[in-house]
Amino acid sequence: MPRGGSARLPGVSAGDVGPDDRPSELRRAVAVSDRVSILFVGDVVGGLGRRTLLALLPGLRERLAPTFVVVNGENVAGGLGITPKLADDLFAAGIDVITLGNHSYHRREIYAYLDQTERILRPANYLRSQPGHGWCVVEREGVKLGVVNLSGNVFLRAGHPAFAEADAAVAALTKAGCDHILVDMHAEVTSEKVALGWHLDGRVTAVVGTHTHVPTADARVLPGGTAYITDVGMTGPRGGVIGVKKEQAIESLVTMMHVRFDTAEDDPWLNGVLISCSGPMRAQAIEQLLLPWTPPPA
């Protein structure tokens, strides 16, 4: 879904100046557009999802050379929540930012970690009294990326409206001098995600949806230059039912009774997107990554 266009500044056209006499701001904008890309990996589920991510990430780095890597890790601990050790493992693998979602607080041992660690995010529209924070800034190669985590309000429990919190976060990150902003909208309802994409179009580099664990086919760059997809999908066992053993999910739906769910172990895939940038707060393209992984023999 490529979208053309060179980086521009108000009152300055790239065609009006030569390469030696361009304003420093324009030179920087063009330099940023030449090299920045963001790899975002969708909901990592359980141990199999972690192993899939860690096995495929080195090859993706070599082939795609992303500037930043952002991962949704809210299901990384046995399919529900995240622990400090597992978060540390992801950071040690070179993940720049971890986003979460409705299972942010499933494991109590993560509470203090969320307060103490800048690069792990719970939804920004949770209550101020709850552990953690909803956005951060990371910098590589002189480029600043702001990352925002949001929760949908429909069918999910979030303390504040997502759209107002998105506006506040984007304003703060823009004021902080971010070159790019990526928003992870962790939401159940597709219409809520699509509406947020249009709401932020032209103000952020990308809005990516998570939570449903099923990748959607609507990856595109919106008219204002914002890359968008309703759901990136799941990194984990496609052979189950959104990460759960299929026999258990089927039993629950057939009997309408409570069934204990375990993480499936069949047919692991990595679901992600690569966002290529064309200038500050602008995407040139968004490419889906739907990659199978074959675990080594036990």
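How many residues are touching a His at 6+ places or on another chain (Cβ under 9 Å) and closer than 21 Å to Gly101 by Cα when one looks only at segment 242-269?
Count: 2.
Can you go through Leu196, Leu145 and tell me which one is at pLDDT 95 or above and in a helix (DSSP H, G or I)?
That would be Leu196, the only listed residue that is at pLDDT 95 or above and in a helix (DSSP H, G or I).
Taking the condition in a loop (DSSP other than H, G, I, E, B), polar (S, T, N, Q) and surrounded by fewer than 21 Cβ atoms within 10 Å (Cβ to Cβ), does Thr216 pass?
Spelling it out, Thr216 is indeed in a loop (DSSP other than H, G, I, E, B), polar (S, T, N, Q) and surrounded by fewer than 21 Cβ atoms within 10 Å (Cβ to Cβ).
Those residues that are of a type in the set (A, V, I, L, M), in a strand (DSSP E or B) and surrounded by 15 or more Cβ atoms within 10 Å (Cβ to Cβ), I need them from segment 280-290; list them, please.
Ala283, Ala285, Ile286, Leu289
Would you mind stating whether Asn125 is touching a residue at least 24 places away in the same chain (Cβ under 8 Å), part of a loop (DSSP other than H, G, I, E, B) and not aromatic (Phe, Trp, Tyr)?
The answer is yes for Asn125.
Determine whether segment 142-153 contains at least one residue that is within 20 Å of Ile275 (Cα to Cα) and surrounded by fewer than 16 Cβ atoms within 10 Å (Cβ to Cβ).
Scanning segment 142-153 turns up at least one residue that is within 20 Å of Ile275 (Cα to Cα) and surrounded by fewer than 16 Cβ atoms within 10 Å (Cβ to Cβ).
Across segment 220-237, which residue is farthest from the chain's Cα centre (by Cα) among those that are touching a residue at least 24 places away in the same chain (Cβ under 8 Å) and surrounded by fewer than 20 Cβ atoms within 10 Å (Cβ to Cβ)?
Leu222
The values are calculated or read from the model by the stated rules, or taken from the named source; none is laboratory data. The structure displayed is predicted, hence computed values, not measured ones. For neighbour counting, all protein chains shown are included, and Cβ atoms are generated from backbone atoms with ideal geometry for every residue, glycine included.
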